[in-house]
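The values are calculated or read from the model by the stated rules, or taken from the named source; none is laboratory data. The structure displayed is predicted, hence computed values, not measured ones. Glycine also receives a Cβ, built like all others from the backbone with ideal geometry; neighbour counts cover every protein chain displayed. Side chains included, ligands, DNA and RNA excluded: accessible areas come from the protein's heavy atoms. Shrake-Rupley method; radii C 1.70, N 1.55, O 1.52, S 1.80 Å.
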Amino acid sequence: EARLGVLGSGTGTNFVAIAEACAAGRIPARVALVLSDVPDAGILARARERGIPARYIPPGPFRTKLDEAAERAYVSALQEAGVQWVVLAGFMRVLKSVFLRAFEGRIVNIHPSLLPSFPGLAAWRQAWEYGVKVTGCTVHFVDAGVDSGPIIGQQAVPVHDDDTPETLLQRIHQAEYELYPRCLAALVRGELEVQGRRVLWRRPAKEPPGH
Ligand code: GAR
């Protein structure tokens with residue numbers, strides 16, 4: 001059975017959707033470890049409630065990345081837990097070379113916009129302020145850039161005239177809870193083929209997200 005390691009800085013609702021999909025057999029994997037850079041992050045409590053090991057690992061002095069010692073500590077913890085796939089679920093720091101090398105091609109992220117539109121922080125608010133009529137969420141492999149790796153799947157979400165950034169975010173979240181488990185299931189089943197920037201779904205029987 002594949003082992004996932006989930007990293008998050010926030011509430012952990014995507015983690016919950018993933019853990020439930022694993023428990024229901026919709027993702028043939030289990031979450032072996034949850035790590036956070038925020039000591040009182042909701043994601044840690046939500047993991048412990050489910051009996052999943054969860055640890056805060058201090059990020060070091062920087063605001064937007066882990067320092068090298070911290071990256072080594074994250075990598076060691078994940079390796080000791082036997083993790084094959086690293087799943088970023090609201091982890092608000094960029095990963096650098098120590099981490100990327102240790103899990104090359106095995107790190108995925110979810111981002112609350114249709115990339116390459118609106119990378120970076122508060123993407124749903126960026127989309128709302130820009131005035132787009134359609135936004136959504138994107139699951140992608142993580143590379144050295146910010147929200148720039150090959151795209152695995154996307155789900156579109158309409159923007160309504162009476163939306164606030166908050167109501168829009170709620171709709172994007174609902175899409176995330178469907179998209180992320182579907183992409184992870186394909187990933188751990190070995191159904192994804194990466195050809196440069198293009199990620200191909202090798203089992204066309206199931207409709208790939210975004211089609
Ligand atoms: C999610 O909406 C995710 O797309 C976003 O953080 C939220 C985490 O919520 N990620 C990013 O913005 C990454 N830059 P959750 O903790 O409730 O899953």
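What is the percent carbon and sulfur in the accessible area of the chain, measuring with a 1.4 Å probe over the protein chains and ignoring ligands? Can you show the working numbers first?
Working: 5340 of 10280 Å².
Exposed carbon and sulfur together represent 52 percent of the surface.
Specify the inter-centroid distance of region 26-89 and region 175-189, based on alpha-carbon positions, in whole Å.
Rounded to whole Å, the Cα centres lie 19 Å apart.
Please state, as a whole number in µm²/s, the translational diffusion coefficient that the Stokes-Einstein equation yields for region 13-88 at 4 °C and 1.567 mPa s, with Rh defined as the Kirkwood radius across alpha carbon pairs.
99 µm²/s
With a ≥ b ≥ c the root eigenvalues of the C-alpha gyration tensor of region 1-42, is it rounded (a/c under 1.5), prolate (a/b larger than b/c) or oblate? Don't skip to the answer; put the middle values down first.
Details: a/c = 3.84, a/b = 1.84, b/c = 2.09.
In terms of gyration-tensor shape, oblate.
Please report, in debye to the nearest 20, how large the charge dipole of the chain is about its Cα centre when each Lys and Arg carries +1 at its beta carbon and each Asp and Glu carries -1 there. Please list the in-between numbers first.
On the way: 24 positive and 22 negative charges, 121 e Å.
With only Lys, Arg, Asp and Glu charged at Cβ, the dipole is about 580 debye.
Using a 1.4 angstrom probe on the protein heavy atoms only, line up H160, H140 by accessible area, largest first. All intermediate terms of the calculation are to be shown ahead of the outcome.
Working: H160 85, H140 5 Å².
The most accessible residue leads, giving H160, H140.
For R182, R26, give the ranking by accessible area with the largest first, probe 1.4 Å.
Numbers: R182 95, R26 135 Å².
Descending order: R26, R182.
Please work out the average accessible area per residue across the chain, using the 1.4 Å probe convention, and give it in Å². The partial results should precede the final answer.
Details: 10280 Å² over 211 residues.
Ligands and nucleic acids excluded, the result is 49 Å² per residue.
Based on DSSP, what percent of beta bridges with both residues in region 51-151 are antiparallel, to the nearest 5?
Numbers: 5 of 9 bridges.
Counting DSSP beta bridges with both partners in region 51-151, the antiparallel share is about 55 percent.
Say R0 is 30 Å: what FRET efficiency, to the nearest 0.05, do R30 and A122 get from their beta-carbon distance?
That gives a FRET efficiency of 0.40.
Quick check: net charge around Q79, other residues with Cβ under 11 Å of its Cβ, Lys/Arg +1 and Asp/Glu -1?
Details: positive: R3, R72; negative: E80.
Summing Lys/Arg as +1 and Asp/Glu as -1 gives +1.
Towards the positive end of the charge dipole of the chain, with charges on Cβ (+1 Lys, Arg; -1 Asp, Glu), say which of V38, H160, Q126 has the farthest Cα.
Going by the Cα projections, it comes out as V38.
So what's the Cα pair-distance distribution over region 16-138, bin width 5 Å, in %?
Whole-percent P(r) values from 0 Å outward: 2, 10, 17, 21, 19, 16, 10, 4, 1, 0.
Leaving ligands, DNA and RNA out of it, work out the accessible area of E104 with a 1.4 Å probe and give it in Å² to the nearest 10.
Looks like 150 Å² after rounding.
Can you give me the solvent accessible area of D143 with a 1.4 Å probe, rounded to the nearest 10 Å²?
About 50 Å², rounded to the nearest 10.
Can you compute the FRET efficiency between V134 and R3 using 1/(1 + (r/R0)^6), with r the Cβ-Cβ distance and R0 = 45 Å? Round to the nearest 0.05.
On the way: r = 36 Å, r/R0 = 0.79.
That gives a FRET efficiency of 0.80.
Using the Cα gyration tensor of the chain, with a ≥ b ≥ c the square roots of its eigenvalues, what is the shape: rounded (a/c below 1.5), prolate (a/b larger than b/c) or oblate (neither)? Let's see the in-between values first.
Numbers: a/c = 1.44, a/b = 1.22, b/c = 1.18.
Rounded, since a/c falls under 1.5.
Tally the DSSP beta bridges in the chain and give the antiparallel ones as a percent, rounded to 5.
Values: 15 of 33 bridges.
Given both bridge residues lie in the chain, the antiparallel proportion sits at roughly 45 percent.
For D161, tell me the accessible area in Å² from a 1.4 Å probe, rounded to the nearest 10.
The accessible area of D161 comes to roughly 150 Å².
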